[in-house]
Each structure stands twice: as structure tokens, then as C-alpha cells.
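Engineer: My questions all concern the structure below.
The values are calculated or read from the model by the stated rules, or taken from the named source; none is laboratory data. Keep in mind that what you see is a predicted model, and the values were worked out from it rather than measured. Positions of Cβ are backbone-derived with ideal geometry, glycine not excepted, and every protein chain shown enters the neighbour counts. These accessible areas exclude ligands, DNA and RNA; they are computed on the full protein's heavy atoms, side chains included. Shrake-Rupley method; radii C 1.70, N 1.55, O 1.52, S 1.80 Å.
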Amino acid sequence: MPASMALIFDLMAPALCVYNDAVFTEQDWEGITMIYSSIKEEDKSKVGRFGLGFKSVFHITDYPCIISGDKMLLIDPQQPTDRVNAFFEIPLMHDPWEGLDMNDFYNGLGGYFGVDQRMISDGHFNGTLFWFPLRERASPLSDTLYDERKILDLLDGLKSEAPSILIFLRNLESLTVFTAKECYQRTSTFGTHEHNRKRPSFHVRIKDAEHQVRHAREEFIAKMDTNSSDVTSMTDYCIEVTTDGQVTDYYWAVLNYFVGTSASGQFLTLINDKDISMSPCVSIAVSLDQSRQQFEGHIYCFMPLPKEGSKLTGLPFHVNGFFALSQNRHHLKWVTDEQKMQKIYDKNVLWNQYMVTEALPKTFKAIYLYLVHRAQRNGNPNEDIMNINRLIPDFPNVLDKWRQFMFNALSLVKSEKIFFCRHLNAWIPLQQSIFASFDNLPRHLDHVRSSVKKCLQYMGQYLVEVPDETVATFKQLFPGQVTDVTPLLLARYMKQNMKYMDLDDKAKLNILEYLVSDADNTKLENLHLILLASRDWAAFHQRGEPIYICDEKIISLFPLLTNRFLAPDARETVYKSGT
């Protein structure tokens, strides 16, 4: 390496350090030295080919340093192409090297992750260390400067994503972030260094990764690389996050989906297009933590895209995929307002359209049915049912760009058994489900709602109890296909099934109050909902014998005619009905 280049590398400058316990392969060394291209361009299982890899470090540094196995690499992208990379053989680094001050080397990197004189003596570093000196002065690469505060701000942002940052990655199982402060005493003598003090920031790991997650990841990638048909992989994650000594577990269900032979013709054309060379691999992650209600779905391209604005999708789960991203990696490439009425030729935009409207809906169906099957195996506990119900978003809350995805996804599942009827212990499709959202009933009439639901259950109807927002979403997307109980519909059921007569007196009076809530009394004909003073029930008839409304004292004067008087406790409800 030329001396002029060596002076550029300031190993004593503030730096961001990244350590991994794996050692570089020859292919890794080849790939990382190809600054102007990528050996991963034809490998659809690699993340780096989409701009998520090493080249992004030049945003914060001009001169990266990499130590792995028996090599150290210094990179200066501003040099001519034949001088960009400078390799050092670790076994030979104990000798004086032109352009490399070993004093600076030890003072800058010494003491971190085993970078010391013993490493030089052994001639091998057990792992991979990336050392990124922060850009403190503007350079031809960038005029964006970084100091310690900026890096700490970036790490704080990373901390906020900690509960989910590992779930879509292919190999990483744990991540620890800390800041390192210099010891009070340091020497510049070769190999004589004290360990640096470390101040932990946070630690995140996949619990018991070696027992399930690692195998599931490897198996999915293997099948994706060898199969032409669709491939799915469902994995449960427990993510342990440690911050300031406090440990919290987060639970996820993650489904990875690789679209194969099921792809539509146009999507298949894009999949095989070498100009795009992207993989039709998508994922959905569902939070299984009911205690954390304020959940906002994120967009991931293996790592989360920056959150800008109030929300990214409006969906109640995270979505991930090999998306085509903007140059700054902040957004998916979408159809612009000017393009909405035109034919789209941009392959990247088309790719994202098919990923969102074709690949992700298949993934949604797969994870929905998986969670249903798991609930059945577990005996349909309330927690499992609630997790499934939360998969359906409040549609007005979904951003416009994601509404077509939601329509396609729910179109795929609505004919499946996706709703749980608790009183019949059965999973049923949308077509059989009876909902009770009570759109026009005042909120304070909870006693009426409860009685109507009990009546439907007594009559054997497939009553499904889900959030009102779920019913509203299906109504909006599939008008005319949703059965939501109304007074008229309830009266029709009651005339077909007399089981409502088994309800207690108070429940039947509540039902009468509901039936007349729409001010239409004609539906009451032949329904036995008139409570008599004899405690019997009479039916409404337009031409029937009159029933008298009197005070209890008057009724007591006619003990043999109590079946001709309205029960005093039914008077208020009958007055409301206007009958």
C-alpha cells in the first residue's frame, strides 16, 4: 500500500465498530472489494444485492477497515480502481509495514473483541470486525459529517426497532450495542493495552434460536433455492430485549412466503427478468403480545424502512419483502399521481405492485389459516382468538397504497373458516357468520345487546363476536356479503325458531326493546313478546283480543283475568314500542 494512502487512515478517530463472530469466506472478501458491482446480483437469496449491504457504510465513513480471519483490509474508494483495496496479512503484521503505524493500530483498535498482540502472534482473528472512522470533514464522497452524538441518535433509533429487528433477517440471531470509553491509562507500546470500559446500550436476541429458528431459516432458504413451486415457512419468535438492565420478551408469528408456480403470467415474467433480478419472497409478522395494543405495522426490506409521518401502512402487522426501493432506501417505488391514469412501464414499480397485490395476499392467507389451525390445536383459547381477530384492520385507517393489498388478501380468506363462533365452538366462513355490531343502537343499551346475542345463540345462529371495526371493514370491501343483525332480521329468525321462548323474562323484554328501535312495529306480528300479569307471554296480533294496561291495584281486583292485563314490569318497554 502506498504511504500516501496510509496517512489517510486515522485509526484513532471516533468510529463505529461492528463485530460478527463469523469469519469471512473467500467469496465474502471478493464481494466486499467489488465497490462498483456486486457478486450477489444473480443470487436471489442475498440481502446485500438490494443496497442493504456494505456499500451503505460510505454514508458515514470514507475509509472502512475490515479484520477477519488472517486478513485485514483497508478501503479508500477515492483511489484509482487498482489501488482502492489494501490487504494486510495478519501473521505478518508484527513486522514494520509501509504505511501502517502499529502504534496507531493498537491504540485505535486494541482491546476490542480480541484485537491485540496475541491476535498478531496467532496470525488469526476469530470473527469479523468492521471499523468505520466517522467522517469529520467533508470529502469528495460526501459532505455529511458524523460525530458521536449523531451515531448515538442512530443507535437510539435502532433501539426503538429492537423488538422486531431480527425477525426478517436470514442469519443474525443476536445484536448488542454499546459505547466504549477509553481507559484512564493507555500505553502506546506495541501490545500493551488495557481493556476498554463498555457501557451497554441494549441487547436483543432470539431466544432458543438454535432449537427452532435457525433450522427454519436454513430449511426455507434451501427450499427457495431448489424448488420451483411455492414455499412457505412459519416460525414463532421470542425476542428478548435488554435495555438499562430491564429484560422484556416480545412474541411474534412470522410467515415467509416464496412465490413459485402460482405466480400470474405477468408476475412470472418479472420474476425471470434479469434486469430486475429480484426474488418473489415476502413475509408477514404478527405480534402475539395482547398487552401492547398500540401496534403500528412497518414496511421492511429485511431491515425496517425509516418511519416518516404518522404511519407507514395502517396495517396491524409488519410486512417484509424484496421490494424495489428509492435510492435513499426510504420508500418503495410507487406509481406517482401523474402515472395513475397511464400504462406503467417502470419494471421496479410493476415489481412492487405485484409484490403488494399478489405475493403478500398469499402470505396473509397462509399466516391467517396457520393461526386458526394453531388455535384449534390449543382448544381455541381467547388469547389465540384475539390475535386472529386483530389481523383484520380498521379499513379507513389503512393507507391508500395498501388498500388493494387488503382487498386482495381478504378476498382470498373470506371463503375459508376464518371466524370463530364461540357458543358452537366452530370456525366458519364469512358467508355463514352472523355479526352483531348494532350500528344504530345507542351505546348505553348494553343490556339490550347482551339479550339479542343470547337470543341468536339460543336459536342456533352462527353468531361471531369480533370488533365492530372488523365488521365495518368487511361491509366496506364486500357490500351485500356481510350478515349483520338488524331488528327485521332478528324478527325473521324468531319467527322461524321458537327457542327464544326459553329466555328469561327480562331478556325477552330487552329483545322487544331492540325490535322496535327502528320504529317499525309491523315485524312484531305473531311474536310472543307481550308479558301478561299472569306471567304468561302473548303474541302480537293486529286483530287479537285487547290487552289492558292498568295499575297493580286494579289488576288485583280481577284475579281470574290476569291474562287480559299487561304485566306492570313490562309497561315501560311496551310504551317505548308504541304498540
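Engineer: Radius of gyration and Dmax for the stretch 384-507's Cα atoms, expressed in Å?
Structural biologist: In order Rg, Dmax, the Cα atoms of the stretch 384-507 give 15.4, 51 Å.
Engineer: Sticking with this structure for a sec: Per residue, what accessible area does the chain have, given a 1.4 Å probe and all protein chains present, in Å²?
Structural biologist: 50 Å²
Engineer: Now a separate question. Averaged over all directions, how much area does the convex hull of the C-alpha atoms of the chain cover when projected, in nm²?
Structural biologist: The number I arrive at for the chain is 36.0 nm².
Engineer: While we're on this one: Give me the net charge of D502's neighbourhood, meaning all other residues with Cβ under 14 Å from the Cβ of D502; Lys, Arg count +1, Asp, Glu -1.
Structural biologist: For residues surrounding D502, the net value is +2.
Engineer: Output the pairs from K274/K333; K365/K499; K159/K223; K150/K401; K307/K362; K475/K495 with a Cα-Cα distance over 30 Å in this structure; if there are none, say none.
Structural biologist: Distance filter (> 30 Å) returns K365/K499; K159/K223; K150/K401.
Engineer: I'd like the carbon and sulfur percentage of the solvent accessible area for the chain, probe radius 1.4 Å, heavy atoms only, ligands and nucleic acids excluded.
Structural biologist: Carbon and sulfur together cover 49 percent of it.
Engineer: For W29 and N563 in the same chain, what is the full-extension length gain: residue separation times 0.36 nm, less their Cα-Cα distance, in nm?
Structural biologist: On the way: separation 534, 0.36 × 534 = 192.24 nm, distance 9.56 nm.
Gain on extension, W29 to N563, equals 182.7 nm.
Engineer: What whole number of Å gives the distance from the Cα centroid of the stretch 205-247 to the Cα centroid of the stretch 358-416?
Structural biologist: The two parts, judged by their Cα centres, are 21 Å apart.
Engineer: Name the residues whose placed amide hydrogens come within less than 5 Å of the amide hydrogen of T483, ignoring near sequence neighbours (fewer than 5 apart) on the same chain.
Structural biologist: Here the answer is F435, since their amide H atoms fall under 5 Å of that of T483.
Engineer: Suppose R0 equals 35 Å; then what is the FRET efficiency for R170 and E148 from their Cβ-Cβ distance, rounded to the nearest 0.05? Could the numbers behind the result be given before it?
Structural biologist: Numbers: r = 31 Å, r/R0 = 0.89.
Given R0 = 35 Å and the Cβ-Cβ separation, E is 0.65.
Engineer: Quick one: length gained pulling K401 to D122 fully straight, 0.36 nm per residue minus the C-alpha distance?
Structural biologist: Length gained, K401 through D122: 94.8 nm.
Engineer: Considering only protein heavy atoms, with the full assembly of protein chains and a 1.4 angstrom probe, order M501, M93 by accessible area, largest first.
Structural biologist: Per-residue accessible area, sorted high to low, gives M501, M93.
Engineer: Now for a separate question. Would you mind checking which residues have amide H under 5 Å from F322's amide H? H placed 1.01 Å from N; only 5 or more apart, or other chain.
Structural biologist: Those qualifying (amide H under 5 Å, at least 5 residues apart or on another chain) are C281.
Engineer: A further question on this structure: Compactness ratio of the stretch 511-579: Cα Rg over 2.2 N^0.38 Å, N = residue count?
Structural biologist: Against the compact-globule rule of thumb, the ratio is 1.09.
Engineer: OK, next. As a test question: what accessible area, to the nearest 10 Å², does M119 have when a 1.4 Å probe is rolled over all protein chains in place?
Structural biologist: Accessible area of M119: about 10 Å².
Engineer: How big is the stretch 434-579 by Rg and Dmax over its Cα atoms, in Å?
Structural biologist: 16.8, 60
Engineer: In nm, give the distance between the simple-model label positions of S277 and C550, each being 7 Å from the Cα along the Cα-to-Cβ direction.
Structural biologist: Label-label distance for S277 and C550, simple model: 9.6 nm.
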